[in-house]
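Each remark here refers to the structure printed beneath this line.
The values are calculated or read from the model by the stated rules, or taken from the named source; none is laboratory data. Since this is a predicted model, take the numbers as computed values, not measurements. Glycine also receives a Cβ, built like all others from the backbone with ideal geometry; neighbour counts cover every protein chain displayed. To get the accessible areas, we keep the full protein, side chains included, count just its heavy atoms, and leave off ligands, DNA and RNA. Shrake-Rupley method; radii C 1.70, N 1.55, O 1.52, S 1.80 Å.
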Amino acid sequence: MAPGDLQEVLAGLRRPSGLSAEAERNLLVGLGRADDAAVYRLSADLAIVETVDFFPPVVDDPWTWGAVAAVNAMSDVYAMGGEVLFALAVAGFPRDFDKAIITEVFRGGADKVAEAGGVVGGGHTVVDAEPKYGLCVTGRVHPDHVLIKGGLRPGDRLFLSKPLGTGVITTAAKNEKAPLDVLDGAVRSMLRLNRVAARVAAQFGALGATDITGFGLLGHASEMVQASGAGIAVSAARLPLLPGARALAEAGHFSGGMKRNRGYLDTTFGSRLQIDPAVPDAIAAMLTEAETSGGLLFSIAPERAGGVLDAFAAAGESCAEIGEVLAEPVIHVRA
């Protein structure tokens, strides 16, 4: 659903009636503010993280679809600073769907959960005209070390752990317009866990984080702005892009979600959304394009930010510093 539609649907559910005092006290993160997963405290040093995510195929290969869907679902646990424990599969397939393909989808998801240190313990399937697959993921986190969207602090530096561009590339691929090497690069990015990103963010004292998925970079960043009361400034020139993504964006390969995401931002932020005229139109559009299994966007205090990129490099992964947190609740995209 588009961000505005989702907020409208959830408006009457923010504080469920009949919630016990104990449950309200221990539900550390729920529907009160937009966040990536629910967090429920079990004890002074243990909380569980719970999330669910599923979607139709984004690539043709069934193993890869299952694996990408699993990585995408587990990212919500990492965005809360947690570690994956186990998952349950959620799936729908046409009644006459090839069972060998279904097996490969499930195997792809299970393989990535195993890579994350967890296990798939079961699940639920239904008959559906359009294939869908995903996971309900359970993780763990220390109650005092939960990352939330409302954790931005003025002066913090902003980091993004994966390049942008999966949206335009997979959209182009559906129209048979994406070169194979460009699509392969997007798949490799979508298959990368955000486990290292979560650990580095925690190591350097991050308080605010989110993962970049269906609402696009600015859509998810806007949730951080609204939750924290601070703003962000992003440098377009410093944004990491997947190889070939810019050319496909310039050719207009955007999903319908891009315009819905931009419309939500224009309505919600108005003049507080400031995109410098020098920012190329294709790049501005990519900032609101839906991403699949994107990276973590997180903020680090300036006195600790210097070692973040080295920590990623030591783990064999890339990351980019893309901007800073502002005192005013605006979104500013600089050239």
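Compute the Cα gyration tensor for segment 158-266, then decide on rounded, prolate or oblate, letting a ≥ b ≥ c be the square roots of its eigenvalues: rounded whenever a/c is under 1.5, prolate when a/b is larger than b/c in the other cases, and oblate in all that remain. It is oblate, given that a/c is not under 1.5 and a/b is not larger than b/c. Ranked by the mean number of other Cβ atoms within 10 Å of their residues, highest first, the peptides 255-262, 41-48 fall in the order 255-262, 41-48.
Separation of segment 106-137 from segment 205-239 is 28 Å, based on Cα centroids.
Anisotropy class assigned to segment 241-326 is oblate, per the alpha carbon gyration tensor with a/c at or over the 1.5 cut-off and a/b no larger than b/c. Think of a 1.4 Å ball rolled over the protein heavy atoms: the chain then has 43 Å² of accessible area per residue. Close Lys pairs in the chain, defined as Cα atoms under 27 Å apart and 8 or more places apart or on different chains, number 18. Taking the empirical scaling 2.2 N^0.38 Å for compact globular proteins as reference, the chain has a Cα radius of gyration ratio of 0.95. Of the solvent-accessible surface of the chain, computed with a 1.4 Å probe and all protein chains present, 54% belongs to carbon and sulfur. Peptides 327-333, 296-302 ranked from most to least packed give 296-302, 327-333, packing being the mean of other C-beta atoms within 10 angstrom over each peptide's residues.
In terms of packing, defined here as the mean over residues of other Cβ atoms within 10 angstrom, the peptides 269-278, 127-136, 101-110 line up highest first as 101-110, 127-136, 269-278.
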